[in-house]
Every structure is written in structure tokens, then in C-alpha cells.
Amino acid sequence: MRNISKSLTAMILAAGRGERMRPLTDHTPKPLLQVGGKPLIVWHIERLRDAGFTRIVINHAHLGQQIEDALGNGAAFGVQIEYSREGTALETAGGIATALPLIDSEVFTVVNGDIYCEFDFSRLVEPLARLAAGHDRAHLVLVDNPPHNIKGDFVLEASRVIPSLHAPHPTTDSPLPAPHSPLTFSGIGVYHRALFAATPAHEKAPLAPLLRAAIADNRVSGEHFTGRWVDVGTPERLWQLDESLSHA
């Protein structure tokens, strides 16, 4: 049985093609694009390491060998890195399910490789322990809605994630009342491997349906992060972030 003592493992999702970032991503994988003098993915690795996550799994597809060449086995960053090589990107749930053999813990943290976030990952130690001991299947870090996602994704109510107000209720097919405004999923989450029990490895599968099902069963907790978070989805956002960090 895997246990919490081995659970400070994180996975960084780095397999996306980055279509909206072209032509920058034609020759460079998106997680290796630089802001503030270092690649996006290195900001994650350093923050994870500082929070005690010393085992990191990275999946990749598009130009993945460049990621391995740049990061190696992680020794230069004080961590151990293993790679889940997809060839063709498998989407989020498919990528995680494929990487599970490399993750030696019941619960683990996952971070999107194409965001910049000044989140303190040590805050996830408590959710990791709680998921390992309880019935929850996920813990999501939510942020204020950016201009490109003004409707948000999920609603946070007393540290529980409930269905989005603009989505049908899972039992009534009617919109929920509106006590709270939806927030945006940051791309940072803690998951129990049981969430992916029915997801085949090496096949494309999105994460959203798994989360919606777990939310409907009241098995997802969450928190609201109000610090700096950027979805680096366009060259303009990349350049603005780089300018900001370079003059900080």
C-alpha cells in the first residue's frame, strides 16, 4: 500500500502543443519559453522543491526531447525528475493515467506547465494528507477569473467545490441558485489516483468530466488563491509577464 510518507510527488503537465503560442512554439516547447530569465517550467520546479516536492514526473510530447535535454534528471535543481513520454499528447486525464506507474503515492500534486503562479506549494501538504485519509478525490486551487475566462469554472463554498452556477445541477438538470460567483481553475490540483481508476493509459481523455463527476458526489475540496497567477496562453501574455518579472 502506498502511503503519505511517499506522497510529496508532483507531476508537471508539459505535453501540449501550444497552438496559440505559435510561432514561438514551432521550435520550442511551451514550458521552456522564458519569463524573468528562466523557463516557465523551472519556476515550477524550484517552487515545488522549496515546498518539499523532491520527486517530479513530467509528461511531454511536442519537442519533448528538448525538455529532457534542458532539465536532465533534476539533479541540477535538487530534485529527481522522471519523464512520461507520450509521443502524441493525451490530454490531461490521459496523460496523468499514463504516468501513474511513475507516481509511487496514493495522492499527488499536478501543475500545468504553461502557467506562471506564485503559489506556495507547501499549502498542499494538508490536502495531500486529507485526501490520503478520507473519501475526497481531488483538491483544486481556484483563482479570480481572468478576462479570457470571465464565466469561471467552479464555485467554492466553505472549502468545498460545487458545480458551476451556469452548468446544470447533476440531479435536477436545472441551474443552481447563485450564492457565490464561479472561480477559475488554476491548473494546480491534488488528486487521488483512484480518480483515474477508469481512465485507460495511452489514450486521450480530458480531466473535466472526472472532476464534474467527483464534484457531483461531493468529493472535491478547494481553496482560493489571490496571488499572482498568469495563464501564459498567448505571446502577448508571455511578453507582458516577462516584462513584469524582469523589472520586479
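Each value in this text was obtained by applying a stated rule to the coordinates, not by laboratory testing. Fair warning: this is a prediction, and the values are worked out from it, not measured in the lab. In this analysis, Cβ positions are derived from the backbone assuming ideal geometry, glycine residues included, and neighbour counts consider all displayed protein chains.
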Fill in: Separation of the Ala194 and Asn73 label points, Cα + 7 Å toward Cβ, nm
3.5
Item to complete: Compare Arg55, Arg237, Arg193 in a GNM of the chain, Cα atoms joined below 10 Å, and give the one with the largest fluctuation.
Response: Arg237
Discussion item. Using alpha carbons only, how many angstrom separate the centre of the stretch 183-240 from the centre of the stretch 30-103?
Written reply: 17
Fill in: Max mean-square fluctuation residue, GNM over the chain, Cα-Cα springs under 10 Å, options Asn149, Asn59, Asn73
Asn149
Worksheet item: Among the aspartates and glutamates, which fall within straight-line cross-link reach of Lys30, defined as a Cα-Cα distance under 17 Å, with same-chain neighbours fewer than 8 residues apart omitted?
Response: Glu19, Glu68, Asp69, Glu86, Glu91, Asp114, Asp231, Glu236, Asp242
Worksheet entry | Efficiency of FRET between Thr226 and Lys38 - r from beta-carbon atoms, R0 25 angstrom, step 0.05 | 0.55
Practice prompt. Please find, in a Gaussian network model of the chain (springs between Cα atoms separated by less than 10 Å), the residue of Ala76, Ala15, Ala138 whose mean-square fluctuation is greatest.
Written response: Ala76
Fill in: Range in the chain, longest, excluding exposed GluC sites (Glu not before Pro) [loop by DSSP; at most 16 other beta-carbon atoms within 10 Å]
1-117
Discussion item. Tell me which of His192, Ile12, His247 sits at the most positive position along the dipole axis of the chain, charges placed on C-beta atoms (Lys, Arg +1; Asp, Glu -1).
Written reply: His192
Worksheet, complete the sentence: Expressed in angstrom and ordered largest first, the alpha-carbon extents of the stretch 1-107 along the principal axes are 45, 29, 20
Discussion item. Counting only helical runs of four or more DSSP H residues, what would the 222 nm mean residue ellipticity of the chain come to if each run contributes -39,500 (n - 2.57) and the total is spread over all its residues?
Written reply: -7000 deg cm²/dmol
Worksheet item: What are the principal axis extents of the Cα atoms in the chain, in Å, biggest first?
Response: 50, 44, 33
Practice prompt. Based on other C-beta atoms within 10 Å, arrange Ser122, Ser246 from fewest to most.
Written response: Ser246, Ser122
Worksheet entry | Length-normalised contact order for the stretch 72-152 - Cα pairs under 8 Å, 6+ apart - percent | 16
Practice prompt. Identify, among Pro29, Ala201, Trp229, the residue whose Cα sits farthest towards the positive end of the charge dipole of the chain, taking +1 on the Cβ of Lys and Arg and -1 on the Cβ of Asp and Glu, with the dipole about the Cα centre.
Written response: Ala201
Worksheet item: With contacts defined as alpha carbon pairs under 8 Å and 6 or more residues apart, what's the relative contact order of the chain in percent?
Response: 26
Worksheet entry | Dipole in debye (nearest 20) - the stretch 7-246, about Cα centre, beta carbon charges: Lys, Arg +1; Asp, Glu -1 | 180
